[in-house]
Amino acid sequence: AHQWRGIIAEYADHLPIEPGDPVVTLGEGGTPLVEAPALSERVGGRVFLKVEGANPTGSFKDRGMTVAVSKVLATGPALVVCASTGNTSASAAAYAARAGLACAVVLPAGKIAAGKLAQAIVHGATLVSLEGNFDDGLRVVRELGTRPDVALVNSVNPYRLQGQKTAAFEIVDALGDAPTIHVLPVGNAGNISAYWMGYREYAAEGRATRTPVMWGVQAEGAAPFVKGEPVEHPETIATAIRIGNPASWALAVAARDDSGGRIDAVSDAEILDAQALIASEVGVFVEPASAASVAGLLARAEAGDVPAGATIVCTVTGNGLKDTATALGDTVISPVVVPPTTAAVADVLGLG
Ligand code: F0G
């Protein structure tokens with residue numbers, strides 16, 4: 001049976017890694033493209049989820065981190081540094097640990113999901129809690145990144161987007177062509193830029209007959225692309241995309257406009273509803289930011305913007321296990337406690 005070897009080995013000819021370069025990999029990529037009939041029915045097209053929560057650290061960030069951290073080893077050891085809303089820091093910490101490099105992560109105080117924080121800690125990163133948001137953190141680490149002993153691994157590092165574009169390759173490889181529409185959440189705007197690069201590359205090589213229309217989705221309280229300008233105090237329950245001043249602004253606008261796409265906003269309530277729907281009817285547990293893509297698609301379908309016969313891929317970017325507190329909300333976990341007998345369990349189940 002074929003064992004997936006990680007994106008660098010699988011897509012070597014499309015990545016800036018030379019033969020003989022060190023490769024730091026945890027087997028990232030090769031994630032499931034799961035058909036979602038419950039969504040297809042509602043939307044009127046054929047809907048698939050690209051389940052990026054199946055990556056080694058539970059988010060799409062691993063695709064970029066394998067390339068970025070491999071390059072740190074290639075160019076000489078340095079302190080691996082990032083600002084993060086949680087997933088980048090989890091990924092950076094894991095890949096730095098694997099590479100034997102020290103890692104420091106700058107995190108907005110009190111706004112990181114518990115699972116992501118745990119990941120940075122168990123992988124041995126130094127945590128710096130910032131009295132500020134992600135945008136403040138990114139400004140600080142960009143300044144630190146000018147030092148020769150610091151390797152910045154946010155998506156302003158071009159190797160990150162190179163790695164992340166491989167998700168588009170996998171989708172085309174799986175479907176036999178590009179989808180009609182690709183929907184994904186937008187925060188710092190690296191991922192939409194990376195997908196667009198990947199789709200264009202494959203189309204230019206004749207591996208796809210078309211590029212998809214790119215639909216980005218932001219949270220209403222953190223929607224600079226919808227406003228058309230940075231948001232000073234971004235707020236959303238989807239903390240992963242609580243970003244007001246995205247770094248890849250121009251690239252994301254190009255992805256939107258060159259693909260004939262759009263970037264919309266959805267409310268926190270729509271995000272939570274979509275998260276619950278994906279969990280209960282598709283069988284995939286995603287984090288709130290990831291559910292924004294599906295929430296956005298459902299809103300567009302409601303507005304009549306989904307063409308008949310469309311093939312639609314929604315990237316669900318991160319694993320729901322990272323943020324169980326938000327998923328459970330005010331749900332009280334209080335299952336019935338029974339004696340350890342078959343009769344007692346059968347009774348609770350109404351099995352007579
Ligand atoms: N979904 C999840 C789960 C994320 O963690 C992020 C970004 C996004 C979507 C948005 O992707 O920034 O490329 O537009 N998380 C970054 C982090 C900011 O620090 O983990 P983007």
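Considering the conditions (1) in contact (Cβ under 8 Å) with a residue 60 or more places away in the chain; (2) outside the structural domain of LEU127 (by TED's automatic domain parsing), GLY86 is excluded by exactly one of them, (2).
List every residue pair whose Cβ atoms lie under 6 Å apart, where the two residues are 6 or more positions apart in sequence or sit on different chains, the first residue falls within the stretch 117-129 and is farther than 14 Å from SER59 by Cα, and the second residue, located anywhere, is loosely packed, with under 14 Cβ neighbours inside 10 Å. Once the first residue is farther than 14 Å from SER59 by Cα and sits in the stretch 117-129, its partners that are loosely packed, with under 14 Cβ neighbours inside 10 Å give SER129/ALA109.
Residues in the stretch 227-252 that are part of a helix (DSSP H, G or I) and crowded, with 18+ Cβ neighbours inside 10 Å: THR239, ALA240, ILE241, LEU251, ALA252.
Residues that are within 21 Å of the chain's Cα centre (by Cα), outside any helix (DSSP H, G or I) and more than 14 Å from ILE241 (Cβ to Cβ) within the stretch 110-142 comprise GLY110, HIS123, ALA125, listed in sequence order.
Tell me yes or no: at least one residue of the stretch 118-128 is at pLDDT 95 or above and closer than 28 Å to LYS227 by Cβ. No, the conditions are met nowhere in the stretch 118-128.
Against the numbered list (1) in contact with a helix residue (DSSP H, G or I) (Cβ under 8 Å, 6 or more places away or on another chain); (2) part of a loop (DSSP other than H, G, I, E, B); (3) over 23 Å from PHE60 (Cα atoms), SER334 comes up short only at (1). Every condition in (1) under 20 Å from PHE48 (Cβ atoms); (2) away from the ligand (no atom under 13 Å from the Cβ) is met by GLY260 except one, and the failing one is (1).
Taken across the stretch 173-183, residues that are touching a helix residue (DSSP H, G or I) at 6+ places or on another chain (Cβ under 7 Å), closer than 15 Å to GLU52 by Cβ, within 13 Å of the ligand (Cβ to nearest atom) and not in a loop (DSSP other than H, G, I, E, B) do occur, with at least one present.
Do the conditions hold for THR88, that is, is it within 13 Å of the ligand (Cβ to nearest atom) and either buried (at least 21 other Cβ atoms within 10 Å of the Cβ) or within 16 Å of THR317 (Cβ to Cβ) (or both)? Lay out the reasoning, then the answer.
Details: within 13 Å of the ligand (Cβ to nearest atom): yes; either buried (at least 21 other Cβ atoms within 10 Å of the Cβ) or within 16 Å of THR317 (Cβ to Cβ) (or both): yes.
Here the answer is yes, as THR88 does meet what is asked.
Here is a yes/no grid of residues against (1) closer than 18 Å to VAL105 by Cα; (2) of a type outside the set (Ser, Thr, Tyr); (3) surrounded by fewer than 16 Cβ atoms within 10 Å (Cβ to Cβ):
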{"residue": "GLU18", "(1), (2), (3)": "no, yes, yes"}
{"residue": "GLU28", "(1), (2), (3)": "no, yes, no"}
{"residue": "ALA38", "(1), (2), (3)": "no, yes, yes"}
{"residue": "VAL43", "(1), (2), (3)": "no, yes, no"}
{"residue": "GLU52", "(1), (2), (3)": "no, yes, no"}
{"residue": "GLY58", "(1), (2), (3)": "yes, yes, no"}
{"residue": "ALA78", "(1), (2), (3)": "yes, yes, no"}
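On inspection, GLY137 qualifies as out of contact with any Cys (no Cβ under 6 Å at 6 or more places or on another chain), of a type in the set (Gly, Ala, Ser) and either within 13 Å of the ligand (Cβ to nearest atom) or assigned by TED's automatic domain parsing to the domain that holds CYS314 (or both).
In the set GLY190, GLY198, GLY216, which member is farther than 28 Å from ALA104 by Cα, within 17 Å of the chain's Cα centre (by Cα), modelled with pLDDT of 95 or more and near the ligand (Cβ under 9 Å from one of its atoms)? Don't jump to the end; show me each part of the working.
Working: GLY190 fails: farther than 28 Å from ALA104 by Cα; GLY198 fails: near the ligand (Cβ under 9 Å from one of its atoms).
After applying the criteria, what remains is GLY216.
Conditions tested, residue by residue: (1) modelled with pLDDT under 95; (2) within 16 Å of the ligand (Cβ to nearest atom).
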site	(1), (2)
ALA265	no, yes
ALA274	no, yes
VAL284	no, yes
PRO307	no, no
VAL313	no, yes
ASP330	yes, no
PRO335	yes, no
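With respect to the conditions (1) more than 24 Å from ARG242 (Cα to Cα); (2) away from the ligand (no atom under 15 Å from the Cβ), ALA168 lacks only one, and its number is (2). Does ALA120 satisfy being small (Gly, Ala, Ser) and more than 26 Å from TRP249 (Cα to Cα)? For ALA120, the condition - small (Gly, Ala, Ser) and more than 26 Å from TRP249 (Cα to Cα) - is met.
Sub-7 Å Cβ pairs linking a first residue in the stretch 138-163 that is of a type in the set (Val, Ile, Thr) to a second residue that is assigned to a helix (DSSP H, G or I), at least 6 apart or interchain, are VAL150/LEU144; VAL153/MET65; VAL153/ALA68; VAL153/VAL69; VAL153/ALA92; VAL153/ARG160; VAL156/ARG142, ordered by first then second residue. Residues in the stretch 50-82 that are among the charged types (D, E, K, R) and in a helix (DSSP H, G or I): GLU52, LYS61, ASP62, ARG63, LYS71.
The values are calculated or read from the model by the stated rules, or taken from the named source; none is laboratory data. Given the structure is predicted, the values throughout are model-derived calculations rather than measurements. Heads up, the Cβs are rebuilt from the backbone with ideal geometry, glycines too, and the neighbour counts pull from every protein chain shown.
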